[in-house]
Amino acid sequence: MTTETQKKRKHAELRTNFAFLLPYVAMFTIFIVVPISVAIFLSLTNFNTIETPEFIGLTNYVNLLTQDDVFMQYVIPNTVIFALIVGPGGYVLGFLLAWVLAQLPKLPRTILALIFYSPSMTSGVAMTVVWRIIFSGNETGYVNGLLLRLGFITEPIVWTINADFILPIMILIGLWGSMGVGFLAMLAGVLNGDQELYEAAAIDGIKNRFQELIYITIPSMRPQMFFGAVMAIVGAFSNGLIGVQLTGANPVTGSYAGQLIVNHIDDYGFLRYEMGYAAAISVILLMMIYLFSYVAKQLFTD
């Protein structure tokens, strides 16, 4: 084969590779690069969605960090607490459920996986219908009714108005709805593990399922676990619907007790129409997600 023929074949292979990559590059550019670039640009402007954006530099960031008392006193602490509990908690719960389901026969495993996954698909409706009934502020609510019958309280508690209970209830609902695509990815990772590794481990002295989990299952499904970790981080930081659905208000009632960073973005972007300021908040949120995702990457990759 001549050198010229080799070059032509190599160029043909490169064109084929680029053809396969083009749809991904186009989608990534349209839905990731362009929105992030626009958000960064708008965060440096004063923009009310009607008039032409006015460039003001870093003023929005300065005001956000030095003058926005709600953001610094309520939004950041609430978001960090919610994310640090719902993110790792939902991740560990998802992995344990995936591992337990993998031990079951196919039919019950499929049914239970669908049951656990369904809240992540219908969480908005479920929060409105189910959780507001459970935490209803009168004696007909399930929690109030149970506590009244057990004698722990003498009168119903208005759960969704009391600032002491809003964030804990949001965390509970967040954990309940955290079995999303990350859970399915980890379930697939457990099910598709190389059985020869387990057979070899049994010969080498692995004696129980816990040892298999620690020494074989977890190390062999690091890509799925990394994907699940990233999805848990993104879901925990971007979940602002819970408080709004639970309390029926935006910003969340109860002295901003359940105000998360996504609610703050909605407040300034779609209620006050200060889109430049909302873009600055969204950039801060993006940086927080990137930071935690980077930490997860360091933990799960060599």
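Looking at region 62-81 only, could you name the residues that are of a type in the set (Ser, Thr, Tyr) and surrounded by 15 or more Cβ atoms within 10 Å (Cβ to Cβ)? Reasoning before the result, please.
Quick first cut of region 62-81, residues of a type in the set (Ser, Thr, Tyr) only: 66, 74, 79.
Selection gives 74, 79.
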Original post:
From the set of residues in region 175-188 that are modelled with pLDDT of 85 or more and buried (at least 23 other Cβ atoms within 10 Å of the Cβ), which is farthest from the chain's Cα centre (by Cα)?
Top reply: 187
Original post:
Limited to region 133-175, what total is found for residues that are touching a residue at least 60 places away in the same chain (Cβ under 8 Å) and either in contact with a helix residue (DSSP H, G or I) (Cβ under 8 Å, 6 or more places away or on another chain) or not small (Gly, Ala, Ser) (or both)?
Top reply: 13
Original post:
Across region 262-288, what is the number of residues that are among the aliphatic types (A, V, I, L, M), under 16 Å from the mean Cα position of the chain (by Cα) and farther than 17 Å from residue 37 by Cβ?
Top reply: 2
**OP:** Quick one: in region 25-71, of everything that is touching a residue at least 40 places away in the same chain (Cβ under 8 Å) and of a type in the set (Ser, Thr, Tyr), which residue is nearest to residue 277 (Cα to Cα)?
**Re:** 43
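Let me confirm something: among 39, 19, which residue is assigned to a helix (DSSP H, G or I), under 17 Å from residue 269 (Cα atoms) and aliphatic (A, V, I, L, M)? Quick ask: steps written out before the conclusion?
Numbers: 19 fails: under 17 Å from residue 269 (Cα atoms).
None of the others qualify; the one that does is 39.
Could you identify the single residue in 202, 249 that is modelled with pLDDT under 80, assigned to a loop (DSSP other than H, G, I, E, B) and surrounded by fewer than 17 Cβ atoms within 10 Å (Cβ to Cβ)?
Details: 202 fails: assigned to a loop (DSSP other than H, G, I, E, B).
Just a single option satisfies the conditions, and that option is 249.
The values are calculated or read from the model by the stated rules, or taken from the named source; none is laboratory data. In this text the structure is predicted, and so the values were computed from the model without any measurement. A quick note on method: Cβ atoms are made from the backbone with ideal geometry, for glycine too, and the neighbour counts reach across all protein chains shown.
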